[in-house]
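The values are calculated or read from the model by the stated rules, or taken from the named source; none is laboratory data. Worth saying up front: this structure is predicted, and the values here are computed from it rather than measured. Neighbour counts are summed over all protein chains in view; Cβ atoms, including those assigned to glycine, are modelled from backbone coordinates with ideal geometry. Quick note on the areas: whole protein, heavy atoms, side chains included, nothing else; ligands and nucleic acids left out. Shrake-Rupley method; radii C 1.70, N 1.55, O 1.52, S 1.80 Å.
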Amino acid sequence: MAQVATIAELDVTDHRATIDFIRRHQIALVVIGPEAPLVDGLADNVRAIGVPVFGPGREAAKLEGSKGFTKDLCARVGIPTARYFRTTSRDGALACLDDFGEACVIKADGLAAGKGVVVADTRAEAEAAILDLYASGPVEAVIEERLEGPEASLFVLSDGTTTAAFGSAQDHKRVGEGDTGPNTGGMGAYSPAFDLTPELEERALGEIVRPTIDALAAAGTPYVGVLYAGLMLTADGPKLIEYNVRFGDPECQVLMARFEGDLVETLLAVAEGRLADLPAPTFRDAVALTVVMAAQGYPGTPRTGGAIAGIDAAEATGVTVFQAGTRMDGDTLVSAGGRVLAVTATGADVAAAQAAAYRGVDAIDFPTGFVRRDIGAKAIAKG
């Protein structure tokens, strides 16, 4: 980002300082990417000074900020999702396991950077997850039945009134190859998600996404921004797993690699309530695939400070290398977080995009990093 923009040292948790910065620099559009400032109501405070904002207000951001809020909205509106139980009691959470069989899902209610979910295969795993969740005291938990089927991510733009589909992606959440190990913020993704056929996408829009946006509008808290629906494509049709109130990482990388429109004009139209004036978003007829290079230790405590070289060599192969958890240590680029780089490529199909992405990965020298080598493998196996 520093290659194309001026980086400002700004604490977005300090809303007054953020608003002063916006006024001082006459910012004409604010795009709030991370979920925490959205849940904290930054969008509301910026809108209050008359500046267009791409991102939902505090109440609408509860779709990600509180899993219980979203499940209750689904129950009220009739949106298909997993059966669930909400509780602040450890004993209540343990007792409810009798209702969900051997396999279930345990979620912390609030924000957890994509890692606050345990998919338990056995009763013992579920009990251990609950005990771990309550180890530091009372919390809100959501216990769900485990849905079966392929997952897909569907993205929709909303200006509070008008909606527009904005592509799909397939994330790879588990840290290990073969979808093993704990959940992460995402170890790679590809777009489009082929399991989400046009027919299933239309069902998801009609049965899940639009009813959600309509319910928020009816409550006086219109949704403005991008809504990312994590879906399970069950035998009964698409069901909602969870919402994110942002583009998501690494899904955003593969969406942007395919998007053909003017992104700034699109975001501004959403922020100003003019989405209906724009043509429907269009995407390249290609597959985009990204591979996350993470620091050793992730999704636990990552090993930071490891030297990184070869990004120019990687990009010379045709990939785009997005930097996330990096910083400069003198003249050396080093890791400074868990998920460090996202190496992104396009191709005529998943196999071509995968091969191109891993050529880029292999050109990068990051001894204290690791990758999954099977991003997109299931799609390739399906043909």
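In the structure shown, the pairs 107/239; 71/107; 62/378; 173/239; 71/382; 107/378 are assessed against 21 Å; a Cα-Cα span above that value is assigned to 62/378; 71/382; 107/378. Taken along the Cα-to-beta-carbon direction at a fixed 7 Å, the label points for residue 284 and residue 77 span 3.4 nm. Computed from phi, the 3J(HN,Hα) profile of the range 50-63 under the Karplus parametrisation 6.51, -1.76, 1.60 (θ = phi - 60°) reads x, 9, x, 10, 9, x, x, x, 4, 5, 5, 5, 4, 4 Hz, with x in place of Gly and Pro. Computed 3J(HN,Hα) for the range 269-276, one whole-Hz value per residue from the Karplus formula 6.51 cos²θ - 1.76 cosθ + 1.60 where θ = phi - 60°, is 5, 5, 5, 9, x, 10, 4, 5, glycine and proline marked x. Largest GNM mean-square fluctuation among 328, 187, 256, using the chain with Cα springs under 10 Å: 328.
The slack between residue 16 and residue 29, meaning 0.36 nm per residue of separation minus the straight C-alpha distance, is 3.0 nm.
Loop-located trypsin sites (Lys or Arg not before Pro) across the range 323-380 with a Cβ neighbour count of 13 or fewer within 10 Å are 373, with loop assigned by DSSP. Surface exposure of the chain, expressed per residue as accessible area with a 1.4 Å probe, stands at 45 Å². In this simple spin-label model, placing a label point 7 Å from the Cα along the Cα-to-Cβ direction at both residue 309 and residue 202 gives a separation of 5.5 nm. Computed about its Cα centre, the charge dipole of the range 252-349 is approximately 440 debye, with only Lys, Arg, Asp and Glu carrying charge at their Cβ. With all protein chains present, how much of the accessible area of the range 99-248 (probe radius 1.4 Å) comes from carbon and sulfur, to the nearest whole percent? Whole-percent figure for carbon plus sulfur exposure: 52.
For the range 232-383, the relative contact order works out to 26 percent when only alpha carbon pairs closer than 8 Å and six or more residues apart are counted. Label positions at residue 332 and residue 7, each projected 7 Å from the Cα along the C-beta direction, are separated by 1.8 nm.
Note on residue 132 and residue 234: with the Förster distance fixed at 35 Å, the Cβ-Cβ geometry gives a FRET efficiency of about 0.80. What you get for the chain, charging only the Cβ of Lys and Arg (+1) and of Asp and Glu (-1), is a dipole of about 300 debye around the Cα centre. Rounded to 0.05, the FRET efficiency of the residue 47 and residue 218 pair, given R0 = 25 Å and the Cβ-Cβ distance, is 0.80.
In deg cm²/dmol and to the nearest 500, what is the mean residue ellipticity at 222 nm of the chain if only DSSP H runs of at least 4 residues count, each as -39500 (n - 2.57), divided by the residue total? About -7500 deg cm²/dmol. Charges were assigned to the Cβ only: +1 to each Lys and Arg, -1 to each Asp and Glu. The resulting dipole of the range 167-254 about its Cα centre is roughly 240 debye.
Note down the relative contact order for the range 204-286 as a percent, whole number, built from C-alpha pairs under 8 angstrom at least six residues apart.
In percent, rounded to a whole number, it is 22.
Calculate the FRET efficiency for residue 256 and residue 91 from the Cβ-Cβ distance with a Förster distance of 45 Å, rounded to the nearest 0.05. That gives a FRET efficiency of 0.45. For the chain, the relative contact order comes to 15 percent (Cα pairs under 8 Å, sequence separation of at least 6).
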